[in-house]
Amino acid sequence: VTPPLIALSATSELVRQALRVRLNAAYTRAIEHAGGLPVIVPPVADAASLGALLDRVDAVVITGGEDVDPARYGHTPHARAGAPHIARDATEIALVAGARERSLPTLAICRGIQLLNVALGGTLVQDIVSERPGALDHDPEAPRSARVHDVVLEHDSALARILGATSLRVNSIHHQAIDRVAESLRVTARAPDGIIEGVEGSDAEWWVVGVQWHPEELIADPEPWDRALLAALVDRARASSSASASRREPVA
Ligand SMILES: [Mn+2]
């Protein structure tokens, strides 16, 4: 059986004098573990060309990383906002638009949920500590797989159905969050301080889920939630793969 192809966005950064394409291996291992075949998508100069790639994959993961350029949502940079990666922003915004056009299953993680919201017209909290005084510590000194705060899910959400839970604990490695939610998304998970931790699409055609935590770091965890989320993506990818295969090879 051919595994579904899962496109994963990546960054590029200068390391030891060489510009390198980089993605934490936790993402590719988690996708493989769930039965998918990872395809790494670097920041590209010509975002319009990504349609050629999206025509050949079965799902998309928008991964974690840098802060999204606040100019993308019409804000001036906060003092604590990180340097933007212009080509990565453009690449991922094109991936979201192309995935939506094709109804390709999409999972957005950490920076990914923020990028997804911006790509669909929403805005971000640029720095939780300074803009949401009294919020929990969403970026504590802790191992990447440590479950450090609670999340409460909407009972009637796809996320609750997929995870098989309406409350859980998650890891948390972020200093930004969704502020104004894009119209085509619904908030279905929040931390006890109100910080948005999960969204999903309101369009029945397009399976899109975003989480602010890092499920890819939790596949070996005793709790089944995060494996279930990745499995749900790969299941949807498999369904989309057989649908596109039947489009390519119409029955005579
Ligand atoms: Mn958090």
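Of note:
- When the Gaussian network model of the chain links Cα atoms closer than 10 Å, the mean-square fluctuations of Ala237, Ala146, Ala204 top out at Ala204.
- Computed Kirkwood radius, in angstrom, where 1/r is averaged over Cα pairs of the range 201-242: 11.5
- The listed residues His138, His78, once ranked by accessible area (1.4 Å probe) with the largest placed first, stand as His78, His138.
- Principal axis dimensions, largest first and in whole angstrom, of the range 6-94 by Cα: 42, 30, 24
- The residues of the range 178-242 present an accessible area of 39 Å² per residue when probed at 1.4 Å with all protein chains retained.
- Taken over the range 154-252, the percentage of Cα pairs per 5 Å bin, counting from 0 up to the bin with the maximum distance, is 2, 11, 20, 22, 18, 11, 6, 4, 3, 1, 0, 0.
- Computed over the range 25-173, Kirkwood Rh from alpha-carbon pairs, angstrom: 17.1
- Computed on protein heavy atoms with a 1.4 Å probe, the accessible areas place Trp213, Trp207 in the order Trp207, Trp213, largest first.
- Ellipticity at 222 nm from helices only: DSSP H runs of n ≥ 4 in the chain, each -39500 (n - 2.57), divided by the residue count, give -8500 deg cm²/dmol.
- Accessible surface of the range 110-252 [probe 1.4 Å, protein heavy atoms]: carbon and sulfur percent: 50
- Its residues counted as N, the range 93-212 yields a C-alpha radius of gyration over 2.2 N^0.38 Å of 1.02.
- Contact order normalised by residue count of the range 133-216, Cα under 8 Å, 6+ apart, percent: 28
- Under the span-like rule (Cα at least 20 Å along the axis, Kyte-Doolittle mean at least -0.5), DSSP H helices of the chain: 86-102, 225-248
- Ranked by the mean number of other Cβ atoms within 10 Å of their residues, highest first, the peptides 38-51, 163-176, 108-121, 218-231 come out as 108-121, 163-176, 218-231, 38-51.
- Taking the Cα centre of the chain as origin and assigning +1 to Lys and Arg Cβ atoms and -1 to Asp and Glu Cβ atoms, the resulting dipole is close to 540 debye.
- Equivalent-ellipsoid semi-axes for the chain (Cα gyration tensor, √(5λ), whole Å, largest first): 27, 22, 18.
- Restriction of the GluC sites (Glu not before Pro) in the range 165-240 to DSSP coil positions whose beta-carbon has at most 16 other beta-carbons within 10 angstrom yields Glu183, Glu205.
- Averaged over its residues, the range 1-97 has an accessible area of 50 Å² per residue, based on protein heavy atoms and a 1.4 Å probe.
The values are calculated or read from the model by the stated rules, or taken from the named source; none is laboratory data. If you're wondering where the values come from, they're calculated on a predicted model, not measured in any experiment. All Cβ positions, glycine included, derive from the backbone under ideal geometry; neighbour counts span all protein chains shown. What goes into the accessible areas is simple: the full protein's heavy atoms, side chains included, and nothing from ligands, DNA or RNA. Shrake-Rupley method; radii C 1.70, N 1.55, O 1.52, S 1.80 Å.
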